Amino acid sequence: MNRKITTGLLSFRIKVKRMIMYKKANLFGFTHPSVVKSSRKLDHLLNKAQGICS
């Protein structure tokens, strides 16, 4: 897959995960297990993006 497409798709996925995490945090609080799980998934995507961009 083209690097530009891959980076764009990853960026989109990061934005979606971030929105989901914030919505869960507003509903349940930042320490709720569901929010922590979402945060870990977001961290994974961010680490992937860092690897692509570096």
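The values are calculated or read from the model by the stated rules, or taken from the named source; none is laboratory data. Keep in mind it's a predicted model, so treat the numbers as computed, not measured. When we count neighbours, we look across all protein chains shown, and the Cβ atoms used for this are built from the backbone with ideal geometry, even at glycine. Ligands, DNA and RNA are stripped out before the accessible areas are found, and what is left, the full protein with its side chains, is counted by its heavy atoms. Shrake-Rupley method; radii C 1.70, N 1.55, O 1.52, S 1.80 Å.
Just name the residue that is farthest from LYS4 (Cα to Cα) out of those in segment 15-54 that are part of a helix (DSSP H, G or I) and hydroxyl-bearing (Ser, Thr, Tyr).
Ranking the qualifying residues of segment 15-54, first place goes to SER34.
All but one of (1) surrounded by 12 or more Cβ atoms within 10 Å (Cβ to Cβ); (2) modelled with pLDDT under 95; (3) within 13 Å of the chain's Cα centre (by Cα) hold for GLN50; which doesn't?
GLN50 satisfies all of (1) surrounded by 12 or more Cβ atoms within 10 Å (Cβ to Cβ); (2) modelled with pLDDT under 95; (3) within 13 Å of the chain's Cα centre (by Cα) except (1).
Among the residues of segment 1-29 satisfying the criterion of being of a type outside the set (S, T, N, Q) and modelled with pLDDT under 95, which is least open to solvent (accessible area, probe 1.4 Å)?
Residue satisfying both the conditions and the ranking: LEU10.
Scan segment 30-39 for residues that are surrounded by 12 or more Cβ atoms within 10 Å (Cβ to Cβ) and either under 14 Å from the mean Cα position of the chain (by Cα) or among the hydroxyl-bearing types (Ser, Thr, Tyr) (or both) and jot them down.
SER34, VAL35, VAL36, LYS37, SER38, SER39
Find all pairs meeting these conditions: Cβ atoms under 6 angstrom apart; at least six residues apart or on different chains; first residue within segment 16-45 and without any contact (Cβ under 8 Å) to a residue 12 or more places away in the chain; second residue charged (D, E, K, R) and crowded, with 17+ Cβ neighbours inside 10 Å.
Close Cβ pairs satisfying both conditions: SER34/LYS24.
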